[in-house]
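> Take a look at this one; I'll ask things after.
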Amino acid sequence: NKREKMKQILIIILLVTTFLQGEDKIYLLPRDGNKAEKQIVNLFYRAHQNIKIAMYSFTNKKFLKALKSAARRGVKIQIVADYNSNRNMEHNSIVPILKGLRNIEVKYLNGVGKRKYKGLMHIKLFIIDKRVVVFGSANGTYSAYHQNYELLYLNDNWTFTRRFLPIFQELWEKGFKK
């Protein structure tokens, strides 16, 4: 009986630690590009409440389709984008397309340079439902996932992910609408 109780306690501890730890993955692109791109697209399709994105260059058409679908389902989407790379269709950015859609808000940022060159908003970050974070060197572009050598890290532990929320909020508050 004591042995059985001990087994139950160990199983509960194992389940709790597994739940709290969550999943984390490191993708080396382009080797893992298809897998990483599919994972992010699926996260967008499965989002229930909100998606927060900070992105320098954002041209991936699969991301566009999944984000449009999420917005139609009522998912609130906030995007902070680099101003020069995303202000118009000149760089094939999907941001101007998303900007006009219901449930999607867009703000822009430059860097903080004092001269003519202002610098960049060069962060690459996705936060989905405040529980999954994806970040790394990869822009939201076809090239980043299928041609460039990039790193991408995914974690679905909410205690880890929540540390990124104030960072995104700071970018959001500093951003401007066009």
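> Please state the charge dipole magnitude for the chain, taken about the Cα centre, from unit charges on C-beta atoms (+1 on K and R, -1 on D and E), reported in debye and rounded to the nearest 20.
The calculated dipole for the chain is roughly 420 debye.
> Turning to a different aspect of this structure: How many percent of the accessible area of the chain is carbon or sulfur, using a 1.4 Å probe?
56
> Residue by residue, what Karplus-based ³J(HN,Hα) values in Hz, rounded to whole numbers, does segment 122-128 have, using 6.51, -1.76 and 1.60 with θ = phi - 60° and x for Gly and Pro?
9, 6, 10, 8, 10, 10, 10
> Select from Leu151, His48, Asn86 the residue farthest towards the positive end of the dipole of the chain; place +1 on Cβ of Lys and Arg, -1 on Cβ of Asp and Glu, and compute about the Cα centre.
His48
> Also, I was wondering about something else. Under 8 Å for C-alpha pairs, at least 6 residues apart: give me the relative contact order for the chain, rounded to a whole percent.
It rounds to 28 percent for the chain.
> Using modelled backbone amide H atoms (1.01 Å from N, in-plane), which distant-in-sequence or interchain residues come within less than 5 Å of Ile51's amide H?
It is Lys76, Ile77, Gln78, Asp129, by chain and number.
> Measure nothing but the geometry: give the 0 to 90° angle between the long axis through the Cα atoms of 61-72 and the longest principal axis through the Cα atoms of the chain, rounded to 10°.
70
> I've got another one for you. Which of rounded, prolate, oblate describes segment 72-178, given a ≥ b ≥ c as roots of the alpha-carbon gyration tensor eigenvalues and a/c under 1.5 marking rounded, otherwise prolate only if a/b is larger than b/c?
Note, shape of segment 72-178 comes out rounded.
> Sticking with this one: Can you pick out the pairs among Lys25/Lys107; Lys25/Lys62; Lys68/Lys118; Lys25/Lys130; Lys62/Lys107; Lys68/Lys177 whose Cα atoms lie more than 25 Å from each other?
Among Lys25/Lys107; Lys25/Lys62; Lys68/Lys118; Lys25/Lys130; Lys62/Lys107; Lys68/Lys177, the Cα-Cα distance tops 25 Å for Lys25/Lys107; Lys68/Lys118.
> Tell me, in nm to one decimal, what length is gained between Phe160 and Asn1 on full extension, where the rule is 0.36 nm per residue of separation less the Cα-Cα distance?
53.4 nm
> Can I ask one more? Show me, for segment 140-157, the HN-Hα J-couplings you get by feeding each phi into the Karplus relation (A = 6.51, B = -1.76, C = 1.60, θ = phi - 60°), rounded to Hz, glycine and proline as x.
x, 10, 4, 4, 4, 8, 10, 10, 8, 7, 9, 10, 9, 10, 10, 9, 10, 8
> Could you give each residue of segment 39-49 its phi-based ³J(HN,Hα) in whole Hz, using Karplus coefficients 6.51, -1.76, 1.60 with θ = phi - 60°, and x for Gly or Pro?
Per residue, the Karplus-derived 3J(HN,Hα) values read 4, 5, 4, 5, 4, 5, 5, 8, 4, 10, 10 Hz.
> Can you give the accessible area per residue of the chain, in Å², using a 1.4 Å probe?
Spelled out: the 1.4 Å probe surface of the chain, per residue, equals 60 Å².
> In percent, what relative contact order does segment 83-178 have, based on Cα pairs under 8 Å that are 6 or more apart in sequence?
On the way: 112 pairs, mean separation 23.1, N = 96.
Here the relative contact order equals 24 percent.
The values are calculated or read from the model by the stated rules, or taken from the named source; none is laboratory data. As the structure is a computational prediction, the values presented were derived from the model and not from experiment. All Cβ positions, glycine included, derive from the backbone under ideal geometry; neighbour counts span all protein chains shown. Side chains included, ligands, DNA and RNA excluded: accessible areas come from the protein's heavy atoms. Shrake-Rupley method; radii C 1.70, N 1.55, O 1.52, S 1.80 Å.
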